[in-house]
Amino acid sequence: MPLYFVVFLSMLGASALLFVGASICVGVRRRPLPVLITGRAADTLGLVHLARAWSTVGVCWVLYFNVYRIHVDMAALGDAALRAFSRGCTTRLPVVVLPLGAGALAATLGLWASPGRVPRGVPWDIATSWMLSVASTPWAAGAQGDMQDHGFSQAAFQQLQLSHLARTLCVSVAGVWALLPVARPRP
C-alpha cells in the first residue's frame, strides 16, 4: 500500500475517532465539549479547514462533471483504453485523497476548538457533513475497482456517479458552513 494512502487512511481514522469520541462525550455528559484548541490555534485550524474544504469542493465537482464521465468515452474506445485511463486516475489519487483526509481531520478537530464567531452547533454540522462524505467513499472506490477489474458497465458507472455526487454535496455543504465565520462581522 502506498505511503500516501496510509496517511489518508490515518487521517480518516483519526477523524472518525474524534467524531465518535465527541459524540459520546456530548451524549454521556449532556454538555458541550471541552474546548481544547483556543486562540490562534483555533483560528488557524478554521482557516486550514476553509482552504481544505473549498479545494476539495472544487476537485469533487471537477471529478463529477468531467473526469468520471470520461470513463464512458474511454469504454467506447475499448477495454484497454478504459483500463489505462482508470489506472492513470488511481495513480494520481494523492491530489484528491490527501486534501479530503486533511479536510475531514480539520473539521473534526474543530469540534474540540473554540467556536469563535459561529454558533456552537455549526462545527457539528460541518463535521457531520465531512463524515457523511467519508461514508460514501467505499461505494465510489468499489465502482472504480469494478471498472478496473472487469471493464466498463453502466451499473458501475452509475454507482460511481451517485456515490461521488453524495460525497460532493456533503463536502459542498461543509464548505458553505465553513464560510460562516468569514461572513459574520467581529463583535
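Odds and ends about this structure:
- Unmet criterion (only one of (1) within 14 Å of Ala178 (Cβ to Cβ); (2) at pLDDT below 90; (3) surrounded by 15 or more Cβ atoms within 10 Å (Cβ to Cβ)) for Leu45: (2)
- Among the residues of region 129-139, some residue qualifies, meaning at least one is modelled with pLDDT of 85 or more, over 30 Å from Leu77 (Cα atoms), surrounded by fewer than 17 Cβ atoms within 10 Å (Cβ to Cβ) and touching a helix residue (DSSP H, G or I) at 6+ places or on another chain (Cβ under 7 Å).
- Of the listed requirements (1) more than 21 Å from the chain's Cα centre (by Cα); (2) among the β-branched types (Val, Ile, Thr); (3) over 18 Å from His164 (Cα atoms), Thr108 misses just one: (1).
- Some residue of region 112-119 being modelled with pLDDT of 90 or more and of a type outside the set (Gly, Ala, Ser): yes
- Set Val62, Val57: member being β-branched (Val, Ile, Thr), farther than 23 Å from Thr38 by Cα and within 13 Å of the chain's Cα centre (by Cα): Val57
- Residues in region 41-68 that are in contact (Cβ under 8 Å) with a residue 24 or more places away in the chain and under 21 Å from Asp146 (Cβ atoms): Cys60, Leu63, Tyr64, Tyr68.
- Selection from region 66-123 of residues that are of a type in the set (S, T, N, Q), in a helix (DSSP H, G or I) and touching a helix residue (DSSP H, G or I) at 6+ places or on another chain (Cβ under 8 Å): Ser86, Thr90, Thr108
- Selection within region 81-95: residues that are within 16 Å of Ala143 (Cα to Cα) and charged (D, E, K, R). The member of this set that is surrounded by the most Cβ atoms within 10 Å (Cβ to Cβ) is Arg83.
The values are calculated or read from the model by the stated rules, or taken from the named source; none is laboratory data. The structure displayed is predicted, hence computed values, not measured ones. With ideal geometry, Cβ positions are generated from the backbone for all residues, glycine too; neighbour counts draw on all protein chains shown.
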